[in-house]
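Undergrad: Could you have a look at this structure, given as structure tokens, before my questions?
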Amino acid sequence: MELLKPDWVPDEILWEKAEKFRRDYIKTEDVPVDVFEIIEIDFKIQPVPQPDLYGKCGIDAFLTPDCKELWVDQQRYFSNNWTNRSRFTIAHEIGHLYMHKKELSKLHFESINEWIDFRINNSQNVGRFEYQGHEFAGRLLVPKKLLLEEVAKFSNKITIYKKSAGNRANDPIISHIAGIICPTFGVSEQVISKRIIKENIFKELKL
């Protein structure tokens, strides 16, 4: 079986791909982004529930190599408790569909077990592949302009914290802000925290 070998791509290029996707398919910066409608209506890909998919291979969903089906963990995908995580998962898979369709088309699996074996035997390249999907999803679901606007509302609190914290890390204040604004974007606190750090939001706001 041919190995998956995605090219190394700088974060800035991944983010621009996400923004181009937004311009082409979403045409607005409204959040939360309805990725469920995009994948089912625009791409005509239906979720195919798989019992205990996460338990079997440690992932919530994956596109079949022909990009015609999206296998999803049955319990997680259809649970209201996992909506935000499912939103990120679908955005991640849309990223693969948008950026890696050519690479995916070279793969062939007959079962979940074959997919698991492939991931284990090709872990380094799969890691790069997954990283690109994460960065695409993060920028797609959390537009930078809107993130700047939301974080700017906490400018005074951030300034006070940084004065009192001295050389200590910004993690506590980032986590605090992320926990407050994450419902706006329909993602987890962890996703917002990562976007604040990766996008250098404090620096952009001169905080």
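Undergrad: So which trypsin sites (Lys or Arg not before Pro) in segment 111-207 end up in coil per DSSP with only 13 or fewer other C-beta atoms within 10 Å? Write out the running numbers ahead of the final one.
TA: On the way: sites: Arg119, Arg128, Arg139, Lys144, Lys145, Lys153, Lys157, Lys162, Lys163, Arg168, Lys194, Arg195, Lys198, Lys203, Lys206; in loops: Lys153, Arg168, Lys206.
For trypsin sites (Lys or Arg not before Pro) across segment 111-207 that sit outside H, G, I, E and B with at most 13 neighbouring Cβ atoms in 10 Å, the list reads Lys153, Arg168, Lys206.
Undergrad: Please state the relative contact order of segment 57-190 as a whole percent: Cα pairs under 8 Å, 6+ residues apart?
TA: Details: 89 pairs, mean separation 33.9, N = 134.
That works out to 25 percent.
Undergrad: Taking 28 Å as the cut-off for C-alpha to C-alpha distance, list the pairs among Lys68/Lys194; Lys5/Lys27; Lys153/Lys198; Lys5/Lys203; Lys27/Lys102; Lys56/Lys102 that go past it. Write down the numbers at each step before the final one.
TA: Numbers: Lys68/Lys194 31 Å; Lys5/Lys27 31 Å; Lys153/Lys198 19 Å; Lys5/Lys203 34 Å; Lys27/Lys102 25 Å; Lys56/Lys102 26 Å.
Lys68/Lys194; Lys5/Lys27; Lys5/Lys203, as the Cα separations exceed 28 Å there.
Undergrad: If you keep only loop residues by DSSP, which trypsin sites (Lys or Arg not before Pro) in segment 9-44 have at most 13 other Cβ atoms within 10 Å of their Cβ? Show your work: numbers first, answer last.
TA: Working: sites: Lys17, Lys20, Arg22, Arg23, Lys27, Lys44; in loops: Lys27, Lys44.
Taking segment 9-44 and a limit of 13 other Cβ atoms within 10 Å, the loop trypsin sites (Lys or Arg not before Pro) found are Lys27, Lys44.
Undergrad: Another one. Quick one: divide the alpha-carbon radius of gyration of segment 1-83 by 2.2 N^0.38 Å and tell me what you get.
TA: Working: Rg = 15.1 Å, N = 83, 2.2 N^0.38 = 11.8 Å.
Here the Cα radius of gyration is 1.28 times the empirical estimate.
Undergrad: Report, in degrees rounded to the nearest 10, the 0 to 90 angle that the Cα long axis of helix 123-141 makes with the longest principal axis of the chain.
TA: 50 degrees
Undergrad: At 222 nm, what helix-only mean residue ellipticity would the chain give, in deg cm²/dmol to the nearest 500, using -39500 (n - 2.57) for each DSSP H run of four or more?
TA: Details: 12 runs with 119 residues, N = 207.
For the chain, the value works out to -17000 deg cm²/dmol.
Undergrad: Looking at segment 29-168, I'd like the Rg to Rh ratio, where Rg is from alpha-carbon atoms and Rh is Kirkwood's inverse mean 1/r. Could the numbers behind the result be given before it?
TA: Working: Rg = 18.2 Å, Rh = 16.9 Å.
So for segment 29-168, dividing Rg by the Kirkwood Rh gives 1.07.
Undergrad: Just for segment 11-141, what percent of DSSP beta bridges are antiparallel, to the closest 5?
TA: 40 percent
Undergrad: Also: Calculate, for Ser155 and Thr83, the FRET efficiency according to 1/(1 + (r/R0)^6) with r their C-beta to C-beta distance and R0 30 Å; round to the nearest 0.05.
TA: Working: r = 30 Å, r/R0 = 1.01.
That gives a FRET efficiency of 0.50.
Undergrad: Here's another thing I want to ask about it. I want to check the label-to-label distance for Lys206 and Tyr25. Put each point 7 Å from Cα in the C-beta direction and report it in nm to one decimal.
TA: For Lys206 paired with Tyr25, the spin-label model returns 3.8 nm.
Undergrad: Continuing with this model, one more query. Find the Rg to Rh ratio for segment 145-204, where Rh is the Kirkwood radius over alpha-carbon pairs and Rg uses the same atoms.
TA: Working: Rg = 10.8 Å, Rh = 11.6 Å.
Here Rg/Rh amounts to 0.94.
Undergrad: Along Cα→Cβ, 7 Å out, is where each label goes; now give me the distance between the ones at Arg128 and Asp52 in nm to one decimal.
TA: It is 3.5 nm.
Undergrad: According to a simple spin-label model (label point 7 Å from Cα along Cα-to-Cβ), what is the distance in nm between Asn121 and Lys68?
TA: 2.5 nm
Rule-based calculations on the coordinates, nothing more; no lab input. Keep in mind the model is a prediction, meaning the values are calculated, not measured. Backbone-built Cβ (ideal geometry, glycine too); neighbour counts: all protein chains shown.
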